[in-house]
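The values are calculated or read from the model by the stated rules, or taken from the named source; none is laboratory data. If you're wondering where the values come from, they're calculated on a predicted model, not measured in any experiment. Quick reminder, even Gly has a Cβ in these numbers, built from the backbone with ideal geometry, and neighbours come from all protein chains shown.
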Amino acid sequence: MVEAIPALTARQVAVSYIGTVVAMAQAEIHKAGRERSVLVARAAQPLLWLLVFGSAVSRVRELGTEEVPYKAFLVPGVLAQSVLFVAIFSGMAIIWERDLGITQRVLVAPAFRSAVILGKAASAAMRAVIQVAVVLAVVAVLRIPLEWSVLGVVGSLIAVLLGATMLSALSMVIASMVRSREQFMGLGQLVTLPLLFASNALYSVEIMPGWLQVVARFNPLTYLVEMLRQLLVGVGPDRLLLDAAVLIGGIVVTVAIASRTFPRRVL
């Protein structure tokens, strides 16, 4: 007579789930640790936006930034842009791993699919946090007038962690829709630019046309920028809990979709 296998308790399931997330995140972070020069190079792009674009556009009067200098207004948008570019192209690594057969071995292991997705997304989020911390350090050296506080900086890094996790999971959904790196790059760029320009990253929502304001309200990047702007600059709607709830809800939705679409596409 075959002995029945006892069912796992809720605690054992939770420990197994968290263990998978941590293991996947550690593996990805270890790989990123060998590419420190890439992290530094990526930090240069948002600084160029801030110094070059911010200096030129600060002369434009109708940007909805009367309360603060435009460079200060732009810092949260540049940080969100940095998060967007790091996270949305993190799915490229999955295509490499799929071509090498690594992903297939991971997916046949006895692990929760959502934990695998969440672990990979968390690792991309940590890279985004490091890059944002570097940019904030340079912003402090440049004496751009932000409302510096421990709570504001820590809260901003938490907001970056949430936003990058959601966008990285979205990147994995995109990776599940394509078969080649070229297709992924094309689709990633197609998603990235509308997310950036149909948000409040570069200008206030209030000065947008009515139809674009509606689009911006459905754009998750808008809520990330709102959090960063409230924490670092002190302007914009004071609804941090709502913004955080939107980002957390986005994580749940994107991880759930990626968990269902990605394995079927790879195996």
Among the numbered conditions (1) touching an Asp or Glu at 6+ places or on another chain (Cβ under 6 Å); (2) modelled with pLDDT of 85 or more, tell me where Thr103 comes up short. (2)
Within the range 144-151, is there a residue that is among the hydrophobic types (A, V, I, L, M, F, W, C), surrounded by 13 or more Cβ atoms within 10 Å (Cβ to Cβ) and modelled with pLDDT of 85 or more? yes
Which condition does Pro145 not pass, out of (1) touching a Lys or Arg at 6+ places or on another chain (Cβ under 9 Å); (2) within 21 Å of Gly250 (Cα to Cα); (3) not hydrophobic (A, V, I, L, M, F, W, C), if it passes all the others? (2)
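If only one of Ala244, Ala258 is within 18 Å of the chain's Cα centre (by Cα) and farther than 23 Å from Trp148 by Cβ, which one is it? I'd like the intermediate steps shown before the answer.
Numbers: Ala244 fails: farther than 23 Å from Trp148 by Cβ.
That would be Ala258, the only listed residue that is within 18 Å of the chain's Cα centre (by Cα) and farther than 23 Å from Trp148 by Cβ.
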Quick test for you: out of Ser123, Ser114, Ser199, pick the one residue that is buried (at least 21 other Cβ atoms within 10 Å of the Cβ) and in a helix (DSSP H, G or I). Ser123
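Going by the conditions given, is Met185 under 30 Å from Ala93 (Cβ atoms) and either of a type outside the set (Asp, Glu) or surrounded by 15 or more Cβ atoms within 10 Å (Cβ to Cβ) (or both)? Even if it seems obvious, please write down each step before you answer.
Working: under 30 Å from Ala93 (Cβ atoms): yes; either of a type outside the set (Asp, Glu) or surrounded by 15 or more Cβ atoms within 10 Å (Cβ to Cβ) (or both): yes.
For Met185, the condition - under 30 Å from Ala93 (Cβ atoms) and either of a type outside the set (Asp, Glu) or surrounded by 15 or more Cβ atoms within 10 Å (Cβ to Cβ) (or both) - is met.
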Taking the residues in the range 203-232 that are closer than 15 Å to Tyr70 by Cα and modelled with pLDDT under 90 as candidates, determine which candidate is surrounded by the fewest Cβ atoms within 10 Å (Cβ to Cβ). Ile207
Selection over the range 169-193 where residues are free of Cβ contacts under 8 Å to residues at least 12 places away in the same chain and assigned to a helix (DSSP H, G or I) yields a count of 6
For residues in the range 202-216 being free of Cβ contacts under 8 Å to residues at least 12 places away in the same chain and part of a loop (DSSP other than H, G, I, E, B), which is farthest from Asp243 (Cα to Cα)? Pro209
Report, ordered by the first and then the second residue, all pairs with beta carbons closer than 7 Å, sequence separation of six or more or different chains, a first member in the range 92-103 that is within 21 Å of Gln189 (Cα to Cα), and a second member that is modelled with pLDDT of 70 or more and among the hydrophobic types (A, V, I, L, M, F, W, C). Met92/Phe184; Ile94/Met172; Ile94/Ala175; Ile95/Ala175; Ile95/Phe184
Restricting attention to the range 236-256, does a residue exist that is farther than 16 Å from Ile88 by Cα, touching a residue at least 40 places away in the same chain (Cβ under 8 Å) and of a type in the set (Ser, Thr, Tyr)? no
What about Ile207, is it closer than 23 Å to Ser90 by Cα and among the β-branched types (Val, Ile, Thr)? no
